[in-house]
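Everything below concerns the one structure shown next.
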Amino acid sequence: MQAQIVVYMMLTAPLFLAKDERPKTMRYVRPAGSEYSVETEITLKRSSEGHSISSVTHRGQTHLSLASVFDAGGHLQSAIVTIVSDGSQQTTKADIAGRMVTVTRSNGRMDELDCPSGIIVTSAPDWTDTFMLMSRYDDKKGEEQRFDGLWIHPTLRPLRLSFTVKYEGTDAIEFKGKTQPLERFSIVLRNESRYVAWRNGQRELVRLVANGQEQPTIVFEGWEQATVLLIPRSH
């Protein structure tokens, strides 16, 4: 795994903007029998110039890394996705020109799509979309909110997506000896995949559960036991 992460850092290092700011990394785990294993690590970095977000997702011998950079106005500047699996490596990149993005896959094939401000870049397996949806949902607006998405992959055709998030209520849990309210949301991702997500007061994704399931898809590391009783509710 260490070798894959080194490759990832070499590929994505030129994308980061504010070298003087300390990045914030959050680790999410998934159930693995009676324990948990690392699913993904997501790093967010902000500055006056804009922000960058990167992730590394682990599935057995497959490791997917994603990095995207945005200017201060929220316009995508660049993005790259790399998959390392069984010793082979494939990459796709997104280049921006105005409001359009050209995505080049590992075989050299290029696709052009529109690229509005604030777009969320994601791939598979990757949870950047859900992480950013929790960060960006606006409580003041409320109701159901939509966000533009760009899905890119080294071997598959890119997609322009629309994600939806709706506030459903608040659940209270005990965390580190204190009562913590967690906001609960319903989310629709690519292929109409539906989930229930909870976020804390820092607007961080805490727990994600697929509709119809009780076991979490991912949990913020350190919150596993505190959120174990949170399951999707029937509407």
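Just so you know, all these numbers are worked out from the coordinates, no wet-lab data involved. Fair warning: this is a prediction, and the values are worked out from it, not measured in the lab. Note: ideal-geometry Cβ built from the backbone for every residue, glycine included; neighbour counts use all protein chains shown.
Rank S123, F70, Y28 by how far each Cα sits towards the positive end of the charge dipole of the chain (+1 on Lys, Arg Cβ; -1 on Asp, Glu Cβ) and give me just the farthest.
Going by the charge dipole, the pick is F70.
Of the cross-linked pairs K45/K141; K45/K140; K45/K93; K141/K178; K24/K93; K24/K140, which ones have a Cα-Cα span greater than 27 Å in the structure shown? Numbers along the way, then the final one.
Values: K45/K141 25 Å; K45/K140 25 Å; K45/K93 20 Å; K141/K178 29 Å; K24/K93 24 Å; K24/K140 25 Å.
Long pairs (Cα-Cα over 27 Å): K141/K178.
Enter the Cα centre distance for the pair segment 92-147 and segment 38-73, rounded to the nearest angstrom.
12 Å
Please compute the length gained on full extension between S37 and D171, using 0.36 nm multiplied by the number of residues separating them and subtracting their Cα-Cα distance. Walk me through the intermediate numbers first.
Details: separation 134, 0.36 × 134 = 48.24 nm, distance 2.55 nm.
So the chain would gain 45.7 nm between S37 and D171.
Over segment 66-107, what per residue volume does the convex hull of the Cα atoms give, in whole Å³?
Dividing the Cα hull volume of segment 66-107 by its residue count gives 50 Å³.
Can you list the equivalent-ellipsoid semi-axes of the chain, largest first and in whole Å, using the square root of 5 times each Cα gyration tensor eigenvalue?
28, 21, 17
Quickly work out the R157-to-N211 label distance, labels modelled 7 Å from Cα along the C-beta direction, and quote it in nm with one decimal.
In this crude spin-label approximation the distance works out to 2.6 nm.
Using the reciprocal of the averaged 1/r over all distinct C-alpha pairs, how large is the Kirkwood radius of segment 133-195 in Å?
Final number for the Kirkwood radius of segment 133-195 is 13.7 Å.
Which of T170, V81, V101 sits farthest toward the positive end of the charge dipole of segment 79-172, with +1 on the Cβ of Lys and Arg and -1 on the Cβ of Asp and Glu?
Toward the positive end, the furthest listed residue is V101.
For helix 2-12, report the angle its Cα long axis makes with the longest principal axis of the Cα atoms of the chain; keep it between 0 and 90° and round to the nearest 10°.
That helix lies at roughly 60 degrees to the long axis.
Percentage of Cα-Cα pair distances in segment 104-145 greater than 16 Å, rounded to whole percent?
58 percent
Report for the chain the percent antiparallel among DSSP-assigned beta bridges with both residues inside it, nearest 5.
For the chain, the DSSP antiparallel bridge percentage is about 95.
Which value, in Å to one decimal place, does the Kirkwood hydrodynamic radius take for segment 177-235 when every pair of different Cα atoms is included?
After inverting the mean inverse Cα-Cα distance, the result is 11.9 Å.
In nm, to one decimal, how far is the modelled label at M110 from the one at S135, with both set 7 Å along Cα→Cβ?
Using points 7 Å along Cα→Cβ, the separation is 2.9 nm.
Which residue fluctuates the most in the chain, going by a Gaussian network model with Cα springs under 10 Å, if the choices are R27, R99, R194?
Answer for the Gaussian network model of the chain: R99.
Expressed in nm to one decimal, what extension gain is obtained for the pair S88 and E192 from 0.36 nm per residue of sequence separation less their Cα-Cα distance?
34.4 nm
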